[in-house]
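Some notes on the structure that comes next.
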Amino acid sequence: MSESVLSPASLEAVSFDFTGTLARPHRIGTLYSEALARHGISIPPGTLERLFPEVWRELDCRVHLGEDRFRSHPEGPEGFWGELLERILLRAGVDEEPSAFLVRELFDRFRQADAWRVFPDVSPALETLRDLGLRLAVLSNFDPRLEEILRALDLRRFFAEVVTSYEVGAEKPHPGPFRELQSRIGLPGRRILHVGNERRRDVEGARAAGWRALWLRRDDPGADLRSLRTLPEAIREPGRFW
C-alpha cells in the first residue's frame, strides 16, 4: 500500500493516467479486422486481439528513458502506428506493407468515442473529487489525439490540464511529464497525487518526482485501489486505507 498519508488538508490536485485507468480501447481486434478487410486483407479479430499487445510490448522495449515513441519516430505518431500495424501483419503471415490510407483510417478510427470504453467507476469518482475542490488533470503516455478523445468521451470537462508524453518529448516514468504538469498547476509535489495502472511508469515515476501515488488495478487484490469509487473515500479518511 501507499507509504504516504493523504488528507484533504494536504492534497490539492489529482492526476490520472488515461489508458487502463480512465478508459480502454474497445473491440480493438474487430475494428482492426474491419479496416483491414476494407483494404483487401483478411485477418480474424481474435488473431489481431492476440497480436496487438505482443507487438506493443515488442516496440515498448526499444523506447529509451527520456524519449517518446510517437515524437521520436521518423514519421511521427502515424508512422509509429503504421509500423505497429506492419509488424502485426507480418506476425499474422501477411507479407504486405499497409498503405498510408489504411494507417490513416485506423489512426482516425481511434479518435472516435465508440472505439473506447470509459470504466464505469470513472465519472462518479471525478465528480466527487471535483466537488471536494481538488484540481484534476490527465498525465498520459499518449499521442496528440488525447485531447480530442477526452472530449469525445465527455471527460475533458473534468480536467484543468492534460499533459501527454508526445508534447513533453518523454514518457513516464521520466520526470519530464511530471515536472511539466507540476509547473502548469503550480503546486509542490507533495500536494499532488497521481493515480495509474502501471506500477513502474505511474507509481514509481510519480514518487521519484516527489509526488504521491496510488496503484490502480481493478483485477489485482494487492493494488492500492481496485476501483476509483474508493478514491474519494480514501482521500477523506486516509487512516482506513494507509
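Which numbered condition trips up ALA100, out of (1) in contact with a Leu (Cβ under 9 Å, 6 or more places away or on another chain); (2) open to solvent by 50 Å² or more (accessible area, probe 1.4 Å); (3) modelled with pLDDT of 95 or more?
(1)
For segment 50-87, name all the residues that are touching a helix residue (DSSP H, G or I) at 6+ places or on another chain (Cβ under 8 Å), part of a loop (DSSP other than H, G, I, E, B) and of a type in the set (Asp, Glu).
ASP68, GLU75 - these are the residues of segment 50-87 that are touching a helix residue (DSSP H, G or I) at 6+ places or on another chain (Cβ under 8 Å), part of a loop (DSSP other than H, G, I, E, B) and of a type in the set (Asp, Glu).
Can you give me the number of residues within segment 95-105 that are assigned to a helix (DSSP H, G or I) and charged (D, E, K, R)?
Selection size over segment 95-105: 2.
Which one is farthest from LEU231 (Cα to Cα) among residues in segment 191-203 that are open to solvent by less than 10 Å² (accessible area, probe 1.4 Å) and within 13 Å of the chain's Cα centre (by Cα)?
Only one residue fits best here, namely ASP202.
Output the residues belonging to segment 106-133 that are farther than 20 Å from PHE80 by Cα and part of a helix (DSSP H, G or I).
ALA113, ASP114, VAL122, SER123, PRO124, ALA125, LEU126, GLU127, THR128, LEU129, ARG130, ASP131, listed by residue number.
Just one of ARG71, ARG117 is under 30 Å from ALA13 (Cβ atoms), in contact with a strand residue (DSSP E or B) (Cβ under 8 Å, 6 or more places away or on another chain) and basic (Lys, Arg); which is it?
Residue meeting the stated conditions: ARG117.
Would segment 204-220 turn up any residue that is in a strand (DSSP E or B), within 13 Å of the chain's Cα centre (by Cα) and modelled with pLDDT of 95 or more?
Scanning segment 204-220, I find at least one residue that is in a strand (DSSP E or B), within 13 Å of the chain's Cα centre (by Cα) and modelled with pLDDT of 95 or more, so the answer is yes.
Looking only at segment 178-233, count how many residues are in contact (Cβ under 8 Å) with a residue 12 or more places away in the chain and hydroxyl-bearing (Ser, Thr, Tyr).
1
Across segment 225-242, what is the total count of residues that are open to solvent by 10 Å² or more (accessible area, probe 1.4 Å) and over 18 Å from the mean Cα position of the chain (by Cα)?
Residues in segment 225-242 being open to solvent by 10 Å² or more (accessible area, probe 1.4 Å) and over 18 Å from the mean Cα position of the chain (by Cα): 10 in total.
Out of ASP121, ASP95, report the one residue that is at pLDDT below 95 and either charged (D, E, K, R) or under 16 Å from the mean Cα position of the chain (by Cα) (or both).
After ruling out the rest, the residue left standing is ASP95.
Given the criteria surrounded by 19 or more Cβ atoms within 10 Å (Cβ to Cβ) and either in a helix (DSSP H, G or I) or out of contact with any strand residue (DSSP E or B) (no Cβ under 6 Å at 6 or more places or on another chain) (or both), does LEU90 qualify?
no
Against the definition (more than 30 Å from SER15 (Cα to Cα), out of contact with any His (no Cβ under 6 Å at 6 or more places or on another chain), modelled with pLDDT of 95 or more and not in a helix (DSSP H, G or I)), how does GLY40 come out, yes or no?
Judged against the criteria, GLY40 is a match.
The values are calculated or read from the model by the stated rules, or taken from the named source; none is laboratory data. Computed from a prediction, not measured in an experiment: that's the story for all the values here. We place every Cβ from the backbone using ideal geometry, glycine too, and count neighbours over all the protein chains shown. Please note that ligands, DNA and RNA were not included when accessible areas were found on the heavy atoms of the full protein model with its side chains. Shrake-Rupley method; radii C 1.70, N 1.55, O 1.52, S 1.80 Å.
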